[in-house]
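> Please find one structure pasted underneath; my questions will follow.
Bear in mind that the values in this text are calculations on the coordinates, not laboratory data. Note that this is a predicted model, so its numbers are computed, not measured. Counting neighbours? That spans all protein chains shown, and the Cβs are built from the backbone with ideal geometry, glycine included.
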Amino acid sequence: MRIGSIINGQEYNEANRKTLAVHNPYNQEKVADVALATVNDLHQAVDQCYETFHQTMKKMPAYQRSDILLKAARLLEERKEDFAETIVKEAGKPLKYSRGEVDRAVQVLRFASESAKHIYSEVIPLDAAIGGENRLGFTKRIPLGVVAAITPFNFPLNLSLHKIAPAIAAGNTLVFKPAEKTPISAYMLVKLLHDAGLPKGALNLVMGEGGEIGDPLVKHEKVHKVTFTGSLPVGKEIRKNAGFKKITLELGSNSPNIIFDDVDIDHVVADLVKGAFAFSGQVCISAQRIYVHKSLYDSFLMAYIKKTEALVVGDPMNEETDFGPMINEEEAKRAKLWIDDAASKGATIETGGERRGTILKPTIMTNVKDDMKIIAEEVFAPIVSVIPFETEEEVVKESNDSIYGLQAGVFTKDINRALRVADQLEMGGVWINEISTYRQDNHPYGGVKQSGIGREGVKYAVEDMTEEKFIGINLNEERS
Ligand code: NAP
């Protein structure tokens, strides 16, 4: 399979282009060759978006945008298995989680289809200002124009749709730059949206390396908004380069989960095994730090190790597999180094810690310290630390001791304590009696501190992808 960028519906995959091979992270088989876009192609893609915005998208009525998104949802349901298997092959995500990602992506399209019809504005009471009598003022939410969507490898379909679907709902056009590691589902998604009736020039796919193609895309003067999901270093670079453009940054975290002394640990143990090890911990809100009240610490740790060791590790294409490879060997080696570094400074490896190729065994660490990389930085790997605490005050302080603040989980039966702690946690979102890793596609989602800027969750992204325009009328008779 050889695929290329898609601009105005035309595919650019000539044989003489620079090519990148995509390999299955589990068995290293080649999945596809990708013909890379040049900077000239990128300019063409942006120009095409700019033209299609002014000629078509900004005039397209809401019901049509809504219909396209609904049709796309139905097509994605029909093509579910194709998409799920592609995500398994390009990302190494176990089949059950890949199917889950497709199901969520269908919902995102449905939410966006509904949102397209509910972009409300307001009437301004102009007579509230002295001299404002006989004036009518109202706002209209208008689309921005060209949106640059840059996406990561870990949810190649759903996180791309969290940008593409709201942008279409709002009437924008997009240049879409997916992660180089997972371009195939992106390619299939663009084709699907075109099949659903989206004007071809409204969604242009450019495939190339971040520095080469992403960088000029972010700087391009015809781009009105950059929406990025990915790592903190790249997010910082994008923030610097985006100039006056609107910007959304969905970055990393080292999510805390807090278990107070009144919790029945059986359910929590099972949920936190998923929360830390789903897709080998390569999830931005993966449970990285688990704080357990001292009275439950030993029983929690024992049960947690047992349940973790029962995970089915292996080929992500098998239905039963819970745990597969990391995205590549380089990442698995990096994570293993972080484990060894912590162990050399006194941390204990309770289970896991071994690497074979791209598979790093699910790893639980204890006796960790705040300055170890596995605590202070985003591990983005199957490594979780279990840490005892005594008081509420202490655990809130430790949880907040981070440059990140994306999502946290708090477990307790005491509602007053739950709400008090939720208020004090410096996070974009807090779940009570739910793991940090849980996300629905219709709540506001995004970080504080260095976890990001702006919110996704379809309705919130639509707001961010429109501009509020004011129109005022002077109704005094002498003016008419
Ligand atoms: P990444 O390395 O930051 O890459 C993300 C995207 O940025 C890729 O498409 C990449 O292209 C592109 N890129 C790289 N350099 C660029 C530049 N100079 N200018 C413009 N674009 C550039 O992230 P990743 O490894 O794919 O994903 C993992 C990270 O994403 C983790 O930190 C995770 O926490 C974060 N994440 C956050 C959320 C959230 O919602 N907060 C969700 C998922 C993931 P190439 O692939 O071609 O390099």
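> Counting DSSP beta bridges with both partners in the range 256-432, what percentage is antiparallel, nearest 5?
Values: 5 of 25 bridges.
Among the beta bridges of the range 256-432, antiparallel pairing accounts for roughly 20 percent.
> Grab the other residues whose beta carbon is less than 12 angstrom from that of Ala37, score K and R as +1, D and E as -1, and report the net. Numbers along the way, then the final one.
On the way: positive: Arg17, Lys18, Lys177; negative: Glu11, Glu14, Asp41, Glu180, Glu209, Glu212.
Every neighbour counted, the sum reads -3.
> 7 Å from Cα along Cα→Cβ at both Asn442 and Glu478: what's the point-to-point distance in nm?
Computed distance between label sites Asn442 and Glu478 equals 5.3 nm.
> Within the range 35-56, name every residue whose backbone N is under 20 Å away from a label modeled 7 Å from Cα of Lys222 along the Cβ vector.
37-56
> Assuming 0.36 nm per residue, please report the length gained on full extension of the stretch Arg239 to Met302 beyond their Cα-Cα distance.
Numbers: separation 63, 0.36 × 63 = 22.68 nm, distance 4.38 nm.
Fully extending the segment from Arg239 to Met302 adds 18.3 nm.
> Short version: ³J(HN,Hα) in whole Hz for each residue of the range 336-343, in order, from phi by Karplus 6.51 cos²θ - 1.76 cosθ + 1.60 (θ = phi - 60°), x for Gly and Pro, what are they?
4, 4, 5, 5, 4, 4, 5, 4
> For the range 408-419, take each phi angle, set θ = phi - 60°, evaluate the Karplus expression 6.51 cos²θ - 1.76 cosθ + 1.60, and give the result in whole Hz per residue in order, putting x for glycine and proline.
Those phi angles translate into 10, x, 10, 10, 6, 8, 8, 5, 5, 5, 4, 6 Hz.
> With charges set only on the Cβ (+1 for Lys and Arg, -1 for Asp and Glu), what does the dipole of the range 256-432 come to about its Cα centre, in debye to the nearest 20?
Working: 18 positive and 31 negative charges, 66 e Å.
The dipole of the range 256-432 has a size of about 320 debye.
> For the pairs Lys96/Lys449; Lys245/Lys469; Lys191/Lys245, note any where the Cα-Cα span goes beyond 22 Å. Don't skip to the answer; put the middle values down first.
On the way: Lys96/Lys449 33 Å; Lys245/Lys469 17 Å; Lys191/Lys245 28 Å.
Beyond 22 Å: Lys96/Lys449; Lys191/Lys245.
> Give me Ile258, Ile164, Ile150 ranked fewest to most by other Cβ atoms within 10 Å of their Cβ, as a rough exposure proxy. Don't jump to the answer; show the numbers that get you there.
Working: Ile258 27, Ile164 30, Ile150 24.
Going from sparsest to densest Cβ surroundings: Ile150, Ile258, Ile164.
> Give the relative contact order (percent, whole number) for the range 330-480; include only Cα pairs under 8 Å separated by 6+ residues.
Values: 204 pairs, mean separation 20.8, N = 151.
Across the range 330-480, relative contact order equals 14 percent.
> I would also like to ask the following. If you keep only loop residues by DSSP, which GluC sites (Glu not before Pro) in the range 332-405 have at most 15 other Cβ atoms within 10 Å of their Cβ?
Numbers: sites: Glu350, Glu354, Glu377, Glu378, Glu390, Glu392, Glu393, Glu394, Glu398; in loops: Glu354, Glu377, Glu378, Glu390.
Sparse-neighbourhood loop GluC sites (Glu not before Pro): Glu354, Glu390.
> Continuing with the same structure: Counting other beta carbons within 10 Å of each Cβ, put Lys89, Lys219, Lys240 in order, fewest first. Present the calculation step by step, with values, prior to reporting the outcome.
Details: Lys89 24, Lys219 15, Lys240 9.
In order of increasing Cβ crowding within 10 Å: Lys240, Lys219, Lys89.
> At Thr139 and Lys397, where each label point lies 7 Å from the Cα along Cα→Cβ, what is the point-to-point distance in nanometres?
Those two pseudo-labels are separated by 4.2 nm.
> Could you compute the net charge surrounding Thr151? Neighbours are other residues with a C-beta less than 12 Å from the C-beta of Thr151; K and R count +1, D and E count -1.
Details: positive: Lys163, Lys177, Lys181; negative: Glu180, Glu250, Glu456.
Surrounding charge for Thr151 is 0.
> Cut-off 20 Å, label point 7 angstrom out along Cα-to-Cβ of Asp67: give me the residues of the range 115-147 whose amide nitrogen falls inside.
The answer is 115-119, whose backbone nitrogens lie closer than 20 Å to the label point.
> Tell me, what ³J(HN,Hα) does each residue in the range 50-61 have, in order and in whole Hz, if you take phi through Karplus 6.51 cos²θ - 1.76 cosθ + 1.60 with θ = phi - 60° and put x for Gly and Pro?
With coefficients 6.51, -1.76 and 1.60, one gets 4, 5, 5, 4, 6, 7, 10, 5, 6, 9, 6, x Hz.
> What's the FRET efficiency of Ala21 with Asp261 using the Cβ-Cβ distance as r and R₀ = 41 Å, to the nearest 0.05?
On the way: r = 52 Å, r/R0 = 1.28.
The computed FRET efficiency comes out at 0.20.
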